[in-house]
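For reference, the structure is listed below as structure tokens.
The values are calculated or read from the model by the stated rules, or taken from the named source; none is laboratory data. Just so it is clear, the structure is predicted and the values come from calculations on it, not from any experiment. Please note: Cβ atoms are built from the backbone with ideal geometry, for glycine as well, and neighbour counts cover all protein chains shown. Just so you know, the surface numbers come from the protein's heavy atoms only, side chains and all, with ligands and any DNA or RNA stripped out. Shrake-Rupley method; radii C 1.70, N 1.55, O 1.52, S 1.80 Å.
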Amino acid sequence: MRERPEDIEVIVHHIIATHDKHKDKKFSKDCIHLFEQYSWPGNVRQLQNLVLSILETTNQKMISISDLPNEFLDKFARKETATLGNLSDCHLNLEPTYRQSLTEAIRDYERFIIKKHIASLGCSTTKTSLAASLGIPRTSLRRKLTNLNISIKD
């Protein structure tokens, strides 16, 4: 699955199709996108267990990121944070400008990290999924979005 993430959507549809009582349920494009970004160390069996668990625990016909278990979102957030930790290939200049204060440098870095997470979560990111991805409470995220003048819709 790591070598062919494009197959994940097909696998998810197959898992749903093989369980009659869940045939009316679907995963949103953002969920599928998240699944494609994850490394799946347990391979197909891990994906199958996750999908079946979600199908059993939600009554929603369209399953969104907010329906995913916190354990999965936490694992995904740790993986993304580790990826974001390697900043050698990004376009963020971590050298503060001559007159930039520590507070301004931290704001720039926070803005960069939040926008990176928004981009990785996809086009219909919610504050709940973004907060989970960042590993912070939703109230803290809302305050940061306001202070940094960031809109999720950007």
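Descriptive notes on the structure:
- Accessible surface for R142 stands near 110 Å², nearest 10, in the context of the full protein assembly shown (1.4 Å probe).
- Whole-Å distance, taken between Cα centres, linking the range 108-154 and the range 1-47: 25 Å
- Surface exposure of the range 1-62, expressed per residue as accessible area with a 1.4 Å probe, stands at 62 Å².
- The apolar share of the surface of the range 2-47, taken as the fraction of accessible area on carbon and sulfur atoms (1.4 Å probe, ligands and nucleic acids excluded), comes to 50 percent.
- Y109 accessible area, assembled protein chains, probe 1.4 Å, Å²: 90 Å²
- Full extension of the chain between R143 and I106 yields a length gain of 11.8 nm, computed as 0.36 nm times the residue separation minus the alpha carbon distance.
- Low-density loop positions, trypsin sites (Lys or Arg not before Pro), the range 1-51 - DSSP coil, at most 16 other Cβ in 10 Å: R2, K23
- When D20, D30, D67 are compared by accessible surface with a 1.4 Å probe, the order from highest to lowest is D20, D67, D30.
- Surface composition of the range 112-154: carbon plus sulfur atoms contribute 54% of the solvent-accessible area (1.4 Å probe, protein chains only, all chains present).
- Stretched out straight at 0.36 nm per residue, the stretch from T18 to K127 would grow longer than its current Cα-Cα span by 36.0 nm.
- Solvent-accessible surface ranking, highest first, for H19, H13 at 1.4 angstrom: H13, H19
- In the context of the full protein assembly, M62 retains an accessible surface of approximately 100 Å², using a probe radius of 1.4 Å and ignoring ligands and nucleic acids.
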